[in-house]
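Shown next, in structure tokens, is the structure this report addresses.
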Amino acid sequence: MALKLRHTEPVSVQSLIQSLRQYNPQADVQPIQEAYDFSAQAHAGQKRESGEPFLQHPLQTARIIVDLKLDVPSIVAGLLHDTIEDTDIPKADLEQRFGKEVAYLVDGVTKIGKIQFKTHEEKQAENFRKMLLSMSEDIRVILIKLADRLHNMRTLHYLPEEKQKRIAQETLDIFAPLANRLGIGWMRTELEDLCLRYLKPEVFNNLAKKVAQRQEVRDAYIQDLIKIIQKSLTEYGFKGQVLGRSKHLFGIYQKMERQGIPFEEVYDLAAVRIITDTKMNCYAILGMIHSLWRPVPGRFKDYIGVPKSNGYQSLHTTVMGPKGYHVEFQIRTDEMHKVAEEGIAAHWKYKEKGQIDQKTDRVFGWLRQLVEWQQDLADNRQFMDSVKMDLFPDVIYVFTPKGDVKELAKGACPLDFAYSVHTEVGNHCTGAKVNGKLVPLRHVLHSGDSVEVTTSTNQTPSKDWLKWVRTARSKTKIKHWIKTEERIRSLEVGKKLLERALQRHNLSSTEAFKPEHLTALTKDFGIATPEGLLVAIGYGRITTEQVIRRLQPAAAVKEGLADKLIRKIGGRPSGVKIKGVGDLLIHLSKCCNPVPGDPIIGFITRGRGLSVHTMDCPNIDELDYDKDRIVEVAWDTKDAAAYAVKIGVVTVDRPGMLASVSAAITSAKANISHADITTTEDRRAILNFVVEILNAGHLDKVLKSIETVDGVVQAKRVRAG
Ligand code: MN
């Protein structure tokens, strides 16, 4: 029979240790014995569905881990892998008894065991596989989980049918492909055959029967073939082992399905594998085979020159063999064969170098990287440290409420999740629950999180959101929303500015706003729509004076306004006035807090009106205003109103300083609205005041008055930012 469904002979801890010693003679086996005793106690009295003691399951899992030639902590973790989940033993206990490393591995296996995979869509399955990998962070967690799953699959017949189907489907969708990705050929084929057995029992039994029936004829054909090849190898002086190869049942089934061909056509394809010593000989033997039989065009694949992403290397070719049957060949070195069968596990032990091509598929490039690193590292210990890396450094995988898996940028917050669902969900996102708990919108998500968001039509994006989100999509969407919003506000501002300018010149706004007038104006300014004109005014690209001049050239000349606008500002910050425009959207910038008398400059902002800064404001250069948004402004000092100014005073640290400085400020006729004091290590005190100042001259007086106080080192105005 082609079936190699392995039977599960009982495993003892002694047999585990014996097998470990074969590939790692120096291993310290004490922890294995301890883990066995611990597990035996923890699972005492528990039985599996098969009726055998539960303890056989961790033992069998550990057996598979030994088959994978993993290290001692992996074997220990295999023996303990169900203790957190199935018994009441906390992680801390394991850590105390077996160390951090083992506890971490067991915890990792427990965590991924709790996740249930629901959909059958391939893209979802792929995301789910990546989620498992990114949650694990250490490949050993996945390898232990695979061993656990393989033993469960081997004993699946004891479970009810419904459970069998669910577990088999999950294995086919997730775990068999993972085994393949990790390059563990034997485990992948065994898992796939077991899946077929439970998912399509009729197909499985039918195939198994047919394979068995034809086995004799087929074996004879392959034996003849092998004799011819071996003779030829000896003739040319090549070292080589020739093996007949049987396709696994799932492979036959897949080929029948994919190509729509009957069993006979797949199965009559003989398959032979030749294993030799060097890479050069692989190519030489390929030449020999092609000279013995005619190659089938289009079937040659050079996976030595260009390895698969899981590290697999071989030459593949198909020839027209004896009696006209197609024969498939795989030609590889011993090292390549080990990698193909055992995958990444082969690199734990074998150190021969294999050429690895950087240019091939990057999806699972990390695996290749591990292999490369392994060649440079002195011992297993170091290799194991490098295995504990971030497998997907840039992304995380989270669940939607429906159980789908979404890929997001690392550091993503619930807003990114919301935008990945839909733009509208993002724009109106008010709150989020992660794993059932309420979290702030800026909460950082992790792989494996279940995320749910709430929305409200009243909610809209804010500039803060740009600081929290990580994905390009969210950023674009938020910026787009803000830009649209700015345009709407600029339209309103532009309309008001124009209305007031028209009033000032005694022009009828109803007349000017007539579509035909506006349209004529838009042409003059080279703008597409009347709306666009108002927006341009609001943004400050076009001044109202420019518009007035078009409407009534004489008026502008009379006012004597040329290209520059001199605007007068006065009054309190909350009620600053510009002549003719009133208190519309003018504010004194908070970064430099201009006070009357300071040289100042105005900026027309996008949708936020006029912003006034001091000429020496450090932020001016950084502001992203166009040069033509700058307007000259001047103070209108008619009404004396007070401005809040921060003053910082450095003094020696001595009692009474605060009182003396306060007195000096008051004597300069300024009110103090806030004061605080801090001391420094070098015995200085820093006094901070907020003082109401009338203008720049007044400020000068206040500062001078402070500097006359004995003990003051320095007094100056403090600008924020
Ligand atoms: Mn288990």
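Every number here is computed from the coordinates shown, using simple stated rules; none is lab data. Because the structure is a prediction, the values reported are computed rather than measured. Quick reminder, even Gly has a Cβ in these numbers, built from the backbone with ideal geometry, and neighbours come from all protein chains shown.
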The exposure ranking of Arg245, Arg683, fewest beta-carbon neighbours within 10 Å first, is Arg683, Arg245
Sequence order, the stretch 237-243: Karplus ³J(HN,Hα) from phi using 6.51 cos²θ - 1.76 cosθ + 1.60, θ = phi - 60°, Hz rounded, Gly and Pro as x, gives x, 8, 7, x, 10, 10, 10
Over 18 Å between C-alpha atoms is what I'm after, so list which of Lys145/Lys406; Lys239/Lys279; Lys279/Lys338; Lys646/Lys669 land there.
-> Lys145/Lys406
At most 14 other Cβ within 10 Å, DSSP loop - GluC sites (Glu not before Pro), the stretch 642-707 | Glu681
Counting Lys and Arg as +1 and Asp and Glu as -1, what is the net charge of the other residues whose Cβ lies under 11 Å from the Cβ of Val444?
-> +1
Stretch gain in nm, segment Ile228-Gln46, where the contour uses 0.36 nm per residue and the Cα spacing is subtracted | 59.9 nm
For Lys523 paired with Thr678, estimate the spin-label separation in nm (one decimal), with each label point 7 Å from Cα along the Cα-to-Cβ line.
-> 6.4 nm
For the stretch 208-317, just the Cα atoms, rotate onto the principal axes and tell me the three extents in Å, largest first.
-> 40, 34, 24
Please arrange His698, His157 by counting, for each residue, the other beta carbons lying within 10 Å of its beta carbon, fewest first.
-> His157, His698
Proxy reagent accessibility, fewest Cβ within 10 Å first, across Glu511, Glu531 | Glu511, Glu531
Quick calc, Arg442 & His587: beta-carbon distance into FRET formula, R0 22 Å, rounding 0.05, result 0.20
In Å, the Kirkwood estimate of hydrodynamic radius for the stretch 187-247 over Cα pairs equals 14.0 Å
From phi via Karplus (6.51, -1.76, 1.60), per-residue ³J(HN,Hα) for the stretch 642-653 in Hz, x at Gly/Pro = 8, 10, 7, 10, 8, 10, x, 10, 9, 9, 6, 7
Could you estimate the translational diffusion coefficient of the stretch 59-144 from the Stokes-Einstein equation, with Rh from the Kirkwood formula over C-alpha pairs, at 4 °C and 1.567 mPa s, in whole µm²/s?
-> 96 µm²/s
Using only alpha carbon pairs under 8 Å that are at least six residues apart, calculate the relative contact order of the stretch 106-186 and give it in whole percent.
-> 35 percent
Compare the peptides 73-82, 410-419 by average per-residue count of other Cβ atoms within 10 angstrom and give them in order, highest first.
-> 73-82, 410-419
Tell me the Kirkwood hydrodynamic radius of the stretch 88-194 in angstroms, computed as one over the mean inverse distance between distinct C-alpha pairs.
-> 14.7 Å
